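Step one of this worksheet: look at the structure below.
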Amino acid sequence: MVTSTNILIVLLAFLLLCCVGWLILRQEKTLRLLRLQEEEKQNRFAIFSHRLRTPLTSIKWYVEMIQGNSFGTLTIAQKELLHKMENGVNDVIDLLNHFLEYAQGGFERLVSEPEAIDVTASIVQVLHALSLQAEQRHHHLIGPIGSEHAVVLIDPFLFHSIIDILISNAIFYTPDGGTISIEITMDKRYVTIAVHDTGIGIPQDEQQLIFRQFYRGRNAKHMHTQGNGLGLFYIKRLLERIGGTLRFDSTPKKGSTFYLQLPRA
Ligand code: ADP
């Protein structure tokens, strides 16, 4: 027998079904929109990288022409400089290719596919790429010294980027003629890489702020006008995801040491 209670229950069930259906459809739509946005971001990365690659390839081509003596015979010093220039351009092209690869495959890959990395060899590579900058500032680069056989578990591109940011900062924030040294130590579980400089240091009242997004120390802005206050922020966030840490000791006008700690392979 159909009672008014039964009708009410059916009506309520129907209303509930409509609500659930509506929620599912809305969720679907949001997911589709997010997917579209993600695709659009990847396309923009792709266009941006391709556009950057064109002038870089031209520079590489001109360098090769000069190296081939197309514009007269070169001295040994000129050849050496051109070789460094060529390496620099190749590094940027590599970086762009990596960037594009990660943008397409998702930046999640930076923390989800670690590899065993030879710490000393990777640091030597970064130092090599930064040697010209250090030379221009008359800095003395020392190292890497310490544990020669340290191996860590991390994405190679991420490791390279972290070391590059730490050593570049040491170069930028050290007055000309300073010393930058890199030391590797390890215990049973971790490898620690210390990047030490004799630079401007970080004012005491700003030390808790430098890992914030876009934060730049007041003494740092005039030393390196093109900084953006993003490097340390991103490093710290990514390291947290892979069981690594970054900390520092700093004394204003004396120098800083950044300690990067990573799990051993
Ligand atoms: P950026 O160097 O582009 O400003 P970072 O995130 O790499 O961005 O660094 C944030 C801030 O931390 C810098 O602006 C500077 O104030 C401070 N800092 C980082 N490394 C050093 C260093 N080696 N010596 C002194 N200050 C540093």
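The values are calculated or read from the model by the stated rules, or taken from the named source; none is laboratory data. Worth saying up front: this structure is predicted, and the values here are computed from it rather than measured. Cβ atoms come from the backbone with ideal geometry, glycine included; neighbour counts cover every protein chain shown.
What are the residue pairs meeting all of these: first residue in segment 163-190, first residue touching a residue at least 40 places away in the same chain (Cβ under 8 Å), second residue of a type in the set (Phe, Trp, Tyr) and assigned to a strand (DSSP E or B), Cβ atoms under 8 Å, and 6 or more apart or on different chains?
Pairs that qualify, where the first residue is touching a residue at least 40 places away in the same chain (Cβ under 8 Å) and the partner is of a type in the set (Phe, Trp, Tyr) and assigned to a strand (DSSP E or B), are LEU166/PHE258; ASN169/PHE258; ALA170/PHE258.
Please determine, by comparing only the residues of segment 219-237 that are free of Cβ contacts under 8 Å to residues at least 60 places away in the same chain, of a type in the set (A, V, I, L, M, F, W, C) and near the ligand (Cβ under 7 Å from one of its atoms), which one is surrounded by the most Cβ atoms within 10 Å (Cβ to Cβ).
In this case the residue turns out to be ALA220.
Can ALA121 be described as surrounded by fewer than 17 Cβ atoms within 10 Å (Cβ to Cβ) and out of contact with any His (no Cβ under 9 Å at 6 or more places or on another chain)?
Criteria met by ALA121.
Which residues, counting only those in segment 243-261, are out of contact with any helix residue (DSSP H, G or I) (no Cβ under 8 Å at 6 or more places or on another chain), more than 9 Å from the ligand (Cβ to nearest atom) and assigned to a strand (DSSP E or B)?
Residues satisfying the conditions are ARG247, ASP249, THR251, TYR259, GLN261.
Could you say which residue among HIS83, HIS98 is of a type outside the set (Val, Ile, Thr) and within 24 Å of PRO156 (Cα to Cα)?
So the residue among HIS83, HIS98 that is of a type outside the set (Val, Ile, Thr) and within 24 Å of PRO156 (Cα to Cα) is HIS98.
Checking the structure you have, find out if any residue of segment 94-117 is among the hydroxyl-bearing types (Ser, Thr, Tyr), surrounded by fewer than 13 Cβ atoms within 10 Å (Cβ to Cβ) and over 21 Å from the mean Cα position of the chain (by Cα).
For segment 94-117, residues among the hydroxyl-bearing types (Ser, Thr, Tyr), surrounded by fewer than 13 Cβ atoms within 10 Å (Cβ to Cβ) and over 21 Å from the mean Cα position of the chain (by Cα): absent.
Within segment 172-198, can you find the residues that are of a type outside the set (S, T, N, Q), under 19 Å from ASN228 (Cα atoms) and crowded, with 21+ Cβ neighbours inside 10 Å?
TYR173
Within segment 226-240, identify whether any single residue is more than 17 Å from the chain's Cα centre (by Cα) and modelled with pLDDT under 95, and answer yes or no.
No: zero hits.
Would you be able to tell me the number of residues in segment 174-197 that are more than 28 Å from ASP118 (Cβ to Cβ) and in contact with a strand residue (DSSP E or B) (Cβ under 9 Å, 6 or more places away or on another chain)?
Residues meeting the conditions: 1.
May I ask you to list the residues in segment 144-174 that are within 13 Å of the ligand (Cβ to nearest atom) and either among the basic types (Lys, Arg) or in contact with a helix residue (DSSP H, G or I) (Cβ under 6 Å, 6 or more places away or on another chain) (or both)?
Scanning segment 144-174 gives ILE162, ILE163, ASP164, ILE165, ILE167, ILE171.
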